[in-house]
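Enquirer: Have a look at this one.
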Amino acid sequence: MVEPWQDTTLPAHTRAADLLARMTTQEKTAQLSSVWIGADTDGADVAPGQHTYASRSAALDALLPYGLGQLTRPFGTVPVEPTGGAARLADVQRIIRAGNRFALPALAHEECLTGFTAWQATVFPTPLAWGATFDPELITEMAEAIGTSMRAVGIHQGLAPVLDVVRDARWGRTEEAIGEDPYLVATLGTAYVRGLEAAGIVATLKHFAGYSASRAARNHAPASLGPRELADVILPPFEMAIRDGGARSVMPAYNDIDGLPAHAHTALLTQLLREQWEFTGTVVSDYYGVSLLEEAHQIADGEGAAARLALAAGVDVELPAARCFSPADPLPEDLLDRAALRVLIQKCELGLLDPDWEPVTGDVPVDLDPPHMRELARRVAEESVVLLANDAGALPLSDGLRIAVVGPLADEQAAMLGCYTFPRHVGVHHPDLATGVEVLTLAEALRAEFPGAAFVDDPADADVALAVVGDRSGLFGRGSSGEGCDAEDLQLPYGQAEVLDETMACGTPTVLVVLSGRPYALGRWAARAAAVVQAFFPGQEGGPAVAGVLSGRVEPSGRLPISVPRSPGGQPAPYLAPPLARHGFPSTVDPTPLYPFGHGLSYTAFSWGQPHCDAPEFTTDGEASIRLTVRNTGDRPGTEVVQLYLHDPVGTVARPEVRLVGYARVPLDAGASAEVRATFPADLAAYTGADGRRVVEPGALELRVAASSAHVHHTVPLTLTGPVREVGHARRMRCEVRVK
């Protein structure tokens with residue numbers, strides 16, 4: 001007889017509720033628990049305190065009689081051959097099912113920030129590089145391919161994307177974020193969520209919320225956030241990814257906001273997330289986030305107290321291992337039922353409650369780096385490379401030159417790979433292990449790109465010098481960029497400033513190539529450089545992508561998702577800052593960036609026609625339509641990125657000078673033109689006022705049609721009429737931009 005919870009014709013909520021009613025307290029608690037098999041394996045931690053916590057967490061054998069909620073990183077903890085790994089995961093799932101009376105499998109999760117974090121899986125560019133593409137469609141395609149590869153080996157949930165809006169680039173996890181603008185982060189993050197969810201993988205939004213706004217950009221530090229910054233800068237990407245992207249999981253942040261840790265923040269996890277945004281998925285703790293309520297935040301007296309605080313606030317699952325959510329320590333029944341129901345609904349949606357469910361067997365060979373994945377990685381890498389300066393016309397380079405390639409990162413794979421790639425996250429702990437995928441260094445890629453060039457060691461003997469600088473990614477101090485690798489300032493690390501000074505002193509035209517996880521201060525060399533190129537950890541295809549831009553085989557089309565500072569100690573005020581934060585009396589510090597948000601050059605030229613607005617005066621619940629023509633006036637193809645910025649001359653609180661509200665990539669052949677049409681809803685003018693309400697106010701606005709936040713081609717005056725209008729979760733959050 002098929003029980004109601006096994007009946008696939010019934011709604012997921014009905015099935016899950018029926019199963020919940022049959023469970024004991026211990027069985028319910030087990031569904032909120034996880035096991036990290038292999039966490040106590042010899043070697044360095046891939047997460048802080050991994051070995052310490054592993055010895056204090058419930059083992060699989062102890063939980064088997066009750067079932068298990070999640071399996072942690074079966075591919076991303078130690079090197080696992082994909083086909084054999086799928087077979088071993090299937091064996092573990094069979095053991096789990098056989099151990100509990102309902103034959104329920106566990107939900108398996110993995111990291112997937114730069115592709116599936118597994119050995120031999122395609123390594124994609126880091127999220128800061130996604131931001132540089134300004135290409136949501138490509139990011140969706142990438143994410144769906146990543147999700148499909150994860151499903152092929154039995155994974156159900158991906159711990160990505162990171163939707164933290166960067167507030168200070170000294171933060172080590174800047175490379176994991178998409179950029180410094182909430183609209184760019186929201187639209188590209190939502191695009192990633194759509195792709196991952198389309199592949200059947202549960203997308204997990206992190207880190208909710210305020211993680212990137214920590215004091216002095218220190219990892220885990222408190223976030224000094226006012227309610228308006230939280231509402232208007234930090235939260236919109238999460239809101240869009242849930243509402244428009246369909247994300248089914250959220251991960252709280254490690255930080256506290258005004259003294260209240262996110263893992264115990266009822267207003268954030270329940271009142272906002274559940275009640276206002278109507279989120280129905282699961283909230284999974286960041287690794288050891290529940291334990292840290294006791295050990296770091298010191299707001300709980302013991303593991304049980306930490307569990308009750310987190311559960312009451314809205315955390316449903318403890319990751320990566322069961323320590324506080326323990327069947328041996330009873331939790332309040334009503335809160336336990338609430339969380340367990342959410343977990344069971346999600347398992348039902350994934351098919352894990354179906355009577356005919358079977359694990360992926362691993363019988364069919366698995367290729368996690370097939371040609372179409374490498375092609376996608378190449379496209380993302382190529383679109384993400386930003387040409388910052390080319391004043392001397394040094395680029396593109398012709399073949400046959402004498403080229404000197406200098407700098408400590410010119411011949412290092414680490415300069416291509418972010419901290420959440422398998423080689424830098426796990427592989428570094430296994431020095432005898434092959435990388436698993438082909439990753440050319442820039443020096444290797446240059447030799448392939450310029451077969452007729454003579455590569456020389458001494459810049460003084462060369463026609464052009466390529467000075468390659470930037471970061472080595474790592475975790476917890478094992479690199480200059482990455483989780484736990486925060487910086488005191490934005491000076492180039494590893495003594496690379498001296499390398500640049502010496503190279504430029506010889507008089508040879510020098511092209512500065514930055515391969516990094518964050519922007520660095522380049523004002524000391526920008527005026528002397530023949531050209532400047534920026535790539536943010538562009539992945540396994542990054543070497544050929546950067547080399548292709550240098551040769552002109554690839555047309556540069558990336559745009560900065562984050563400002564590049566002029567000096568290392570005077571970080572640029574985020575371009576979202578109000579006028580008072582900008583340069584001027586009475587401060588002697590000039591925070592003006594060297595290269596602003598949205599900046600990027602091409603090898604061709606474009607003309608922008610005068611925009612036309614059909615009805616520049618509209619009501620606070622209306623919209624305006626704008627159109628203009630962009631033409632490629634050069635002699636080679638190229639892509640312009642049209643950016644729309646909103647300027648509000650007068651507000652009831654201090655407002656950003658400009659903020660991004662729309663964009664579109666416009667690829668054009670030489671001499672070709674295209675019409676760009678944008679629909680701007682009044683809702684995008686909304687902001688949080690002095691009384692805490694998000695409102696659209698009548699009055700004058702300016703829509704700036706621009707090539708960057710500082711390079712405005714045209715200004716379109718707009719006027720909103722009618723009453724002040726309060727908007728909420730149902731507001732329009734996008735400016736629809738179309739290219740014809």
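Enquirer: Quick one: would you say residue 499 is in contact (Cβ under 8 Å) with a residue 24 or more places away in the chain and buried (at least 22 other Cβ atoms within 10 Å of the Cβ)?
Expert: No; evaluated as a whole, the condition is false for this residue.
Enquirer: Return the total of residues in region 300-315 being touching a Gly at 6+ places or on another chain (Cβ under 9 Å) and in a loop (DSSP other than H, G, I, E, B).
Expert: Qualifying residue count, region 300-315: 1.
Enquirer: Could you grab me the full set of residues in region 712-740 that are closer than 15 Å to residue 611 by Cβ and either touching a His at 6+ places or on another chain (Cβ under 9 Å) or at pLDDT 95 or above (or both)?
Expert: 712, 713, 714, 715, 716, 717, 718, 735, 737, 738, 739
Enquirer: Of everything in region 19-40, what is in contact with a Phe, Trp or Tyr (Cβ under 8 Å, 6 or more places away or on another chain) and surrounded by fewer than 17 Cβ atoms within 10 Å (Cβ to Cβ)? Give them in sequence order.
Expert: Within region 19-40, 22, 24, 26 qualify.
Enquirer: Being outside any loop (DSSP other than H, G, I, E, B) and closer than 17 Å to residue 576 by Cα is the filter here; which residues of region 175-186 pass it?
Expert: Going residue by residue through region 175-186, those that are outside any loop (DSSP other than H, G, I, E, B) are 175-176, 182-186.
Listed by number, the residues that qualify are 182, 183, 184, 185, 186.
Enquirer: Out of the residues in region 475-506 that are in contact with a Leu (Cβ under 7 Å, 6 or more places away or on another chain) and small (Gly, Ala, Ser), which is farthest from residue 47 (Cα to Cα)?
Expert: Only one residue fits best here, namely 482.
Enquirer: For region 424-460, how many residues are more than 28 Å from residue 551 (Cα to Cα) and part of a helix (DSSP H, G or I)?
Expert: 5
Enquirer: Quick check on my filter: what residues within region 249-267 are under 12 Å from residue 193 (Cα atoms) and either small (Gly, Ala, Ser) or surrounded by fewer than 24 Cβ atoms within 10 Å (Cβ to Cβ) (or both)?
Expert: Correct list: 249 only.
Enquirer: List the residue pairs whose Cβ atoms are under 6 Å apart, where the first residue sits in region 238-255 and is assigned by TED's automatic domain parsing to the domain that holds residue 177, the second is acidic (Asp, Glu) and in a loop (DSSP other than H, G, I, E, B), and the two are 6 or more positions apart or on different chains.
Expert: Every condition considered, the pairs that remain are 251/286; 254/286.
Enquirer: If you don't mind, another one. Go through 417, 397, 475 for me and flag whichever is on the phi < 0 side of the Ramachandran plot and out of contact with any Ser or Thr (no Cβ under 8 Å at 6 or more places or on another chain).
Expert: 475
Enquirer: Which residues, counting only those in region 168-181, are surrounded by 24 or more Cβ atoms within 10 Å (Cβ to Cβ) and out of contact with any Cys (no Cβ under 7 Å at 6 or more places or on another chain)? Please lay out each step first, then the result.
Expert: Keep residues of region 168-181 that are surrounded by 24 or more Cβ atoms within 10 Å (Cβ to Cβ), which gives 169, 171-181.
If the condition is that a residue be surrounded by 24 or more Cβ atoms within 10 Å (Cβ to Cβ) and out of contact with any Cys (no Cβ under 7 Å at 6 or more places or on another chain), then 169, 171, 173, 174, 176, 177, 178, 179, 180, 181 are the ones that fit.
Enquirer: List the residue pairs whose Cβ atoms are under 7 Å apart, where the first residue sits in region 351-363 and is more than 9 Å from residue 90 (Cβ to Cβ) and outside the structural domain of residue 152 (by TED's automatic domain parsing), the second is of a type in the set (Ser, Thr, Tyr) and part of a loop (DSSP other than H, G, I, E, B), and the two are 6 or more positions apart or on different chains.
Expert: Cβ pairs passing all conditions: 354/8.
Enquirer: Still on this structure, please answer the following. Taking residue 109 and the conditions (1) in contact with a helix residue (DSSP H, G or I) (Cβ under 9 Å, 6 or more places away or on another chain); (2) in contact (Cβ under 8 Å) with a residue 24 or more places away in the chain; (3) not in a helix (DSSP H, G or I), which numbered condition does it fall short on, given that it satisfies the others?
Expert: (1)
Enquirer: Also, I was wondering about something else. Within region 379-396, track down each residue that is under 18 Å from residue 188 (Cα atoms) and either touching a His at 6+ places or on another chain (Cβ under 8 Å) or in a helix (DSSP H, G or I) (or both).
Expert: Initial filter on region 379-396 (under 18 Å from residue 188 (Cα atoms)): 379-386.
Within region 379-396, 379, 380, 381, 382, 383, 384, 386 qualify.
Enquirer: Follow-up. When region 691-740 is examined, which residues are found to be among the acidic types (Asp, Glu), more than 16 Å from residue 621 (Cβ to Cβ) and either in a loop (DSSP other than H, G, I, E, B) or in contact with a helix residue (DSSP H, G or I) (Cβ under 7 Å, 6 or more places away or on another chain) (or both)? Even if it seems obvious, please write down each step before you answer.
Expert: Residues of region 691-740 among the acidic types (Asp, Glu): 691, 697, 702, 726, 736.
Filter once more, keeping what is more than 16 Å from residue 621 (Cβ to Cβ): 691, 702, 736.
Of everything in region 691-740, just one residue is among the acidic types (Asp, Glu), more than 16 Å from residue 621 (Cβ to Cβ) and either in a loop (DSSP other than H, G, I, E, B) or in contact with a helix residue (DSSP H, G or I) (Cβ under 7 Å, 6 or more places away or on another chain) (or both), namely 691.
Enquirer: Here is a follow-up. Quick one: count up the residues across region 268-322 that are polar (S, T, N, Q) and surrounded by fewer than 24 Cβ atoms within 10 Å (Cβ to Cβ). Steps first, answer last, please.
Expert: Restricting attention to region 268-322, the residues satisfying the condition of being polar (S, T, N, Q) are 270-271, 276, 280, 282, 285, 291, 298.
After this cut, where a residue has to be surrounded by fewer than 24 Cβ atoms within 10 Å (Cβ to Cβ) as well, the list is 270-271, 276, 280, 298.
Total satisfying the criteria: 5.
Enquirer: Same structure again: Working carefully through the options 104, 89, 71, find the one that is of a type in the set (A, V, I, L, M) and in contact with a Ser or Thr (Cβ under 9 Å, 6 or more places away or on another chain).
Expert: Step by step, each of 104, 89, 71 is checked, and only 71 is of a type in the set (A, V, I, L, M) and in contact with a Ser or Thr (Cβ under 9 Å, 6 or more places away or on another chain).
Enquirer: Which residue, of 169, 145, 160, is assigned to a loop (DSSP other than H, G, I, E, B) and more than 12 Å from the chain's Cα centre (by Cα)?
Expert: Answer to the check: 169.
Enquirer: Given 187, 204, which one is crowded, with 24+ Cβ neighbours inside 10 Å, over 23 Å from residue 735 (Cβ atoms) and not assigned by TED's automatic domain parsing to the domain that holds residue 516?
Expert: One residue alone meets the criteria, 204.
Enquirer: Have a look at 308, 342 and point out the one that is in contact with a helix residue (DSSP H, G or I) (Cβ under 8 Å, 6 or more places away or on another chain) and basic (Lys, Arg).
Expert: Details: 342 fails: in contact with a helix residue (DSSP H, G or I) (Cβ under 8 Å, 6 or more places away or on another chain).
Every option except 308 fails the conditions.
Enquirer: Of all residues in region 397-423, how many are of a type outside the set (D, E, K, R) and in a loop (DSSP other than H, G, I, E, B)? Working first, answer last.
Expert: Filtering region 397-423 down to residues of a type outside the set (D, E, K, R) leaves 397-398, 400-401, 403-410, 413-423.
Restricting the remaining residues to those that are in a loop (DSSP other than H, G, I, E, B) gives 397-398, 400-401, 407-410, 417-421.
Summing the residues that are of a type outside the set (D, E, K, R) and in a loop (DSSP other than H, G, I, E, B) in region 397-423 gives 13.
Enquirer: Could you figure out which of (1) touching a Lys or Arg at 6+ places or on another chain (Cβ under 9 Å); (2) under 28 Å from residue 146 (Cα atoms) isn't true of residue 462?
Expert: Of everything listed in (1) touching a Lys or Arg at 6+ places or on another chain (Cβ under 9 Å); (2) under 28 Å from residue 146 (Cα atoms), residue 462 misses just condition (2).
Enquirer: Still on this structure, I have one more. Which of (1) under 25 Å from residue 565 (Cα atoms); (2) in contact (Cβ under 8 Å) with a residue 40 or more places away in the chain is the odd one out, the single condition residue 608 does not satisfy?
Expert: (1)
The values are calculated or read from the model by the stated rules, or taken from the named source; none is laboratory data. No experiment lies behind these values; they were computed from the predicted model shown. Reconstructed Cβ throughout: ideal geometry from the backbone, glycine too, with neighbour counts over all protein chains shown.
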